[in-house]
Amino acid sequence: MMPKPGAKITALGCYVPPRVVTNYDLAQLVDTTHEWIVERTGIHERHWVEKGTPTSELAVKAVEDLLRQRQIEADEIELIIVATVTPDMFFPSTACVVQNKIRATRAWGFDISAACSSFLYALTTGAQFIESGKHKKCWSSAPTS
């Protein structure tokens, strides 16, 4: 009996938009304070995407970072799972848009929409495709816009 292949995270591609919005900035827009936000959430600042930027653009930048780190080509990716509640559109899936933009010619993909737990579902699903022996390289993402 052959051993079952194990899944592991071999690289983490990241991207955050350059625009930083602080709690002080938010306090000028809504009735809140820096202290109130930090006390309840621990958040001091966040990165905001520019209006009109599709989710796929965030995902593409993250996967390009991943490809640089792993020193592999996009056509080595076999499966793309995008976890988001803000897809570019409902059809085609954002994963397929990413697949086309990065030219991952051997990949197929789909989106998972489960709010905050989407990334965990995407990671688990990707791991199951690896462990089943169906795929060797899977990319899961959780961009939000």
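Derivation of every value follows stated rules applied to the coordinates shown; laboratory data play no part. Fair warning: this is a prediction, and the values are worked out from it, not measured in the lab. Note: ideal-geometry Cβ built from the backbone for every residue, glycine included; neighbour counts use all protein chains shown.
Trypsin sites (Lys or Arg not before Pro) within segment 2-93: which are DSSP loop residues with at most 12 other Cβ atoms inside 10 Å? Mind showing how you got there, number by number?
Working: sites: LYS8, ARG19, ARG40, ARG46, LYS51, LYS61, ARG68, ARG70; in loops: LYS8, LYS51.
Listed in order of number, the matching sites are LYS8, LYS51.
Rounded to the nearest 500, the 222 nm mean residue ellipticity of the chain from helices alone is -10500 deg cm²/dmol, with -39,500 (n - 2.57) taken per DSSP H run of at least 4 residues.
What is the extension gain from SER113 to GLU73, computed as 0.36 nm multiplied by their sequence separation minus the C-alpha to C-alpha distance, in nm to one decimal? Show your work: numbers first, answer last.
Numbers: separation 40, 0.36 × 40 = 14.40 nm, distance 2.73 nm.
Gain on extension, SER113 to GLU73, equals 11.7 nm.
Between THR86 and THR125, full extension at 0.36 nm per residue minus the direct alpha carbon distance yields a gain of 12.1 nm.
Extension gain for HIS44 to LEU26 (0.36 nm times residue separation, less C-alpha to C-alpha distance): 5.4 nm.
Find, among the GluC sites (Glu not before Pro) in segment 69-128, those assigned to loop by DSSP (not H, G, I, E, B) with at most 14 other beta-carbon atoms within 10 angstrom.
Details: sites: GLU73, GLU76, GLU78; in loops: GLU73, GLU78.
Filter output for segment 69-128: GLU73.
Spatially close Lys pairs in the chain, defined by Cα atoms under 19 Å apart and a spacing of eight or more places or different chains, total 10.
Counting every pair of alpha carbons in segment 1-138, the share spaced more than 26 Å apart comes to 35 percent.
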